[in-house]
Every structure is written in C-alpha cells, then in structure tokens.
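Beneath this line is the structure, given in structure tokens, with notes to follow.
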Amino acid sequence: MTQPRTKLVCTIGPASIDRVDELVAAGMDVARINFSHGSPDEHALAARRVREAAAATEKNVAVMADLSGPKIRLGDLRDDEVVLETGATFQLRSATGPGDRDGAHVSQSGLAQELEAGDRILLADGAAELRVTALDGGDVTTEVVRGGLIRAHAGVSVPSDRLSSPSLTPRDRADAPRAIELGADFVAQSFVRRASDVAELRKLLGPDGPPIVAKVETRPAIADFDAICDAADAVMIARGDLGVELPYEEVPILQKQLVRRALDRGTPTIVATQMLESMVASPRPTRAEASDVANAIFDGADAIMLSGETAIGEYPILAAEAAGRISRLCEEQGAAYLAAGAPAGAETDADALAYAAVALAAADRDVSAIACYTRTGRTARILSALRPRVPIHAFSPDPAVVARLALVHGVLARPCVPPDDSGERLGLMAWLIGEDRSLEPDTAVVLVASTARAGSGPNLLEVHRVPA
C-alpha cells in the first residue's frame, strides 16, 4: 500500500494516549500535543510514547507542541457537557465555579469590557453560536442563536479586533521552554496577527529553537499573510476561528487562496478544524467531510489535521485511517485535480536544478522517485513546493532535519551517515536507494546532490536505476 503524499497531523489526547502506536500504524506523520489541555506530565508522556512508537516501526514521526495563545475558554461544567437550546439565554461569567446550560465561567478577565452588544460569539469551533445582548459588570449575557452540544473548557471565539491581549501570553512564555525540553520538532503559535508576533516567539525559542507553525485564524493574519509566510516555517489554516472573523461561506474560498499563496512561496501548509468532526461519535465520516478532506488535498495542502477526532473521539484510529484512505484515493485517482506547484521562478541555481529534476520525473514515466541529500532540508522543501508526481526521498545526517521534513508534502525523510567527501554524495544516495525496498527494481530515480560547501545548494543531477 502506497503512503499518501499529503501528511497527516493527529492530536494526542485521552482517546489516543494509550493508542499512539496504532495512530503511527494508521499513518500519523506529526503528533500534535495541545498545551491548552492536559498537564505537563501528560504532555511529556505523549511525546515519549510518540518517540517510542516511531522508533519501534522505524517511521519518521514529528512532535508539534501547540501553544495555547490568547484563546478564551469556558470553565468547568457540572456535567462536563451540556446542550444549549436555540433561543435560550447563556451567560459568560467572570465568577469561577462549575457552569450549566445557563452559563459558565470564561478564562479571559475583563471580556465584558472588550465586547459590544450584537457581537457574534462561537463556542467549540462553531458547535453553538451566540449573540451578545447585554453587558453587566464582568458578565456577558448572550442569546443562543444556534444551539448545540458544548463541553467543559470549550473554546470561546470572538472577533479578534475586539481583543487587546498580546499574541504571546504569560502562559505561552512559560510553555515555550517546556516545548523545547520535550524535544518538540515544531511549535505552533496560536492567534498570530502579524509577522512580528512570529518574530517575538522566535526570539523566545532562540536561534536554534524548533521551527514555528503560525496558526492563521484572525482577520489581521489574513491581511499580513505573505509576511507571516516569510517569518514562519509553516502555516496552519485554522478554520474554526476564521469562521468567526468571516462569514462561513467565505472560508472555503479563503482556504484555497491562502494555500495557493503559501505554496507559491514554498511555505508548508496545514488545513485544520472539523475535517472529520462527525467521527468523534461515529465510525464513518459524512460524505461532506470526505469531500472537505479531498478539497484540502486538491488545494495543495501539505497536511491535514485531526483534532477532537483523535484527541477525545470514540474512533481515533478509524478517523486516522479514513483520512489516509481519502488522501490516497485523491492522489492516485484524482491526479488531474491536484494543485500544481508553480513558485514564482528559478531565482537560484538550486531552484533551477529542482525544476529540472521535477521536469525529468514528469517527462519519463519510468521515474519512480526523486532523491536528494540535504543538510538543512531546503532542497527537499524546494522540490516539494513543485509538487512532483513521484515521492521525494530525502537523506540527511541531521536527525532534527529528518523529523521536520515529516510535515512536508511528498517527502520521505531518512537519516544517513554523512559521506567523508562531498563528491561521494551521489554514490551514497545510489547505495541508499538500492537498499530501499519501497522502490520497484529497475525503475529510475532522479538524484539531486551537491559537491559544493554546505548551505550552497545542490549542483548535481543524475538519473540512477534501482538495482534489480
């Protein structure tokens, strides 16, 4: 069975913490640890189990620590979950204590001072919709415009231009060093509004810190999207909160536009939120959800992400398997609809060589893969952005680079011992390709490497045939 080129991000939570090995077997490429939920000990346990499961199967699986950001959340509920009825009154309270169907505590102090009557509020990524009707002291009284089931600590989404809180909260500043201690391969930054927010987090993580995934979920982030792509290492199109910032009917078009713009800049993208939401309680996705996942793949996303489906759902493994099946079918039978990579132009010799390698793979149907030797991951990312029809086998002597390529579309990254001489890199890759049992014997592989100093980019191209 072929491995999908679209990567799969799964959120680890109570439903999956004891089944991480099954998620890896089901196709998980990146494990998301959501710092908004759980304790530091639970986060450490999740990271450890991901490492153990990946090592046991010799699969490259990255860990992404997702910082909470200035996300507003409900407090505890007496019954852990309640159903809000349309037309009812629901109060967002400053006072602590367990809530019920009439109201609940919210984590943001002073929220009543930042909202106005008529403002739209979504709970739990749109499971229920509220409209502000009155502001009384520290409490916000709302009418339930659209009812639904909500759980304790559900997200409370309000228009970002109403909030004055900084992008990095005190909690984020405490959690960022902990993400490094966990050995996180990526750190996701919530509620990014501008490129300077990403720069602030990078300063906190340090020059050698993990790459940053900027979560695009606010209107200001949309306005500064290109600069955010340049500042971050990857972006996440987090559609839940975008549905508050924009009318819901605009979100599908915006998703296509943002994924395309990121692809043109060579920035990896993750499409997230409610991909297979019904599988929280059902063993099968709806047809609409299958189409939603397929559209993200056709748009050109590097990865799709499952949240509640694998964190708290009843069928976490079936959800991961369903995402993989949809991805695989779209890539194998829907190739005509897949987004083609078309970066602005070959600005460097490395870009030109990547174009040539992809062109060779496109012109010769006998080519089964492109292989590259990369110290920083840049060569593999350039090749990926061009979306070749064949997988990219990337070999790197740096384990951190190998882990980070787990998020990049179509890249199968593996560690290797660096050759003694740069001129031996093609020979090393030829040997590694010959040892790769996933490649059909007697098929061709385009090899990309460099004889120049580290960081100068590739300057060699060779077509190698897999030994029979």
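The values are calculated or read from the model by the stated rules, or taken from the named source; none is laboratory data. Here the structure is a predicted model, which is why all the values come from computation and not from measurement. Counting neighbours? That spans all protein chains shown, and the Cβs are built from the backbone with ideal geometry, glycine included.
Total residues in the range 189-212 satisfying the condition of being farther than 16 Å from Ala179 by Cα and in a loop (DSSP other than H, G, I, E, B): the figure is 4. Figure legend. Inter-residue proximity from the range 241-268: first residues under 18 Å from Asp161 (Cα atoms), second residues assigned to a loop (DSSP other than H, G, I, E, B) and aliphatic (A, V, I, L, M), beta-carbon distance below 8 Å, spacing 6+ or different chains. Indicated pairs: Val244/Val158.
The set of residues from the range 368-385 being out of contact with any Lys or Arg (no Cβ under 9 Å at 6 or more places or on another chain) and part of a loop (DSSP other than H, G, I, E, B) comprises Arg375, Thr376.
So, in the range 16-39, exactly how many residues are surrounded by fewer than 20 Cβ atoms within 10 Å (Cβ to Cβ), assigned to a helix (DSSP H, G or I) and of a type in the set (A, V, I, L, M)?
As a first pass, look at the range 16-39 and keep what is surrounded by fewer than 20 Cβ atoms within 10 Å (Cβ to Cβ): 17-19, 21-22, 25, 36-39.
Add one more test, that the residue is assigned to a helix (DSSP H, G or I), and what stays is 21-22, 25.
In the following step, the residues that additionally are of a type in the set (A, V, I, L, M) were identified as 25.
Final tally of qualifying residues: 1.
Please list, ordered by residue number, the strands (runs of 3 or more DSSP E) wholly in the range 40-133 having 1 or more residues that are over 25 Å from Arg178 (Cα atoms) and of a type in the set (Asp, Glu). First the steps, then the outcome.
Working: elements: 62-66, 81-84, 89-93, 103-105, 120-123.
Per the criteria, 81-84.
Here the range 245-255 is the region considered, the condition is being crowded, with 17+ Cβ neighbours inside 10 Å and not aliphatic (A, V, I, L, M), and the residue that is nearest to Phe225 (Cα to Cα) is Gln255.
Restricting attention to the range 455-468, and to residues there that are over 18 Å from Leu383 (Cα atoms) and in a loop (DSSP other than H, G, I, E, B), which single residue is modelled with the lowest pLDDT? Looking at the filtered set, the residue picked out is Ala468.
Just to be sure before I move on: is Ala232 within 16 Å of the chain's Cα centre (by Cα), at pLDDT below 95, closer than 24 Å to Val187 by Cα and in the same structural domain as Val198 (by TED's automatic domain parsing) in the structure I sent? Talk me through it step by step, then tell me what you get.
Values: within 16 Å of the chain's Cα centre (by Cα): yes; at pLDDT below 95: no; closer than 24 Å to Val187 by Cα: yes; in the same structural domain as Val198 (by TED's automatic domain parsing): yes.
For Ala232, the condition - within 16 Å of the chain's Cα centre (by Cα), at pLDDT below 95, closer than 24 Å to Val187 by Cα and in the same structural domain as Val198 (by TED's automatic domain parsing) - is not met.
Going by what's in this entry, would Ile180 be described as within 21 Å of the chain's Cα centre (by Cα) and outside any loop (DSSP other than H, G, I, E, B)? It is true that Ile180 is within 21 Å of the chain's Cα centre (by Cα) and outside any loop (DSSP other than H, G, I, E, B). Select from the range 57-102 the residues that are surrounded by fewer than 13 Cβ atoms within 10 Å (Cβ to Cβ) and in the same structural domain as Ile17 (by TED's automatic domain parsing) and write down the one among them that is farthest from His393 (Cα to Cα). Only one residue fits best here, namely Thr57.
Listed here are the residues, each with its yes/no results for (1) without any contact (Cβ under 8 Å) to a residue 60 or more places away in the chain; (2) within 29 Å of Glu81 (Cα to Cα).
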{"position": "Ala290", "(1), (2)": "yes, yes"}
{"position": "Asn295", "(1), (2)": "yes, no"}
{"position": "Ser307", "(1), (2)": "no, yes"}
{"position": "Glu314", "(1), (2)": "no, yes"}
{"position": "Ile317", "(1), (2)": "no, yes"}
{"position": "Ala322", "(1), (2)": "yes, yes"}
{"position": "Ile326", "(1), (2)": "yes, no"}
{"position": "Gly334", "(1), (2)": "yes, no"}
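Candidates are the residues of the range 369-393 that are at pLDDT 90 or above and over 23 Å from Ala262 (Cα atoms); the one that is surrounded by the most Cβ atoms within 10 Å (Cβ to Cβ) is Ala371.
What about Arg365, is it over 29 Å from Gly183 (Cα atoms) and either part of a strand (DSSP E or B) or free of Cβ contacts under 8 Å to residues at least 60 places away in the same chain (or both)?
Values: over 29 Å from Gly183 (Cα atoms): yes; either part of a strand (DSSP E or B) or free of Cβ contacts under 8 Å to residues at least 60 places away in the same chain (or both): yes.
Considered against the rule, which asks whether it is over 29 Å from Gly183 (Cα atoms) and either part of a strand (DSSP E or B) or free of Cβ contacts under 8 Å to residues at least 60 places away in the same chain (or both), Arg365 comes out as yes.
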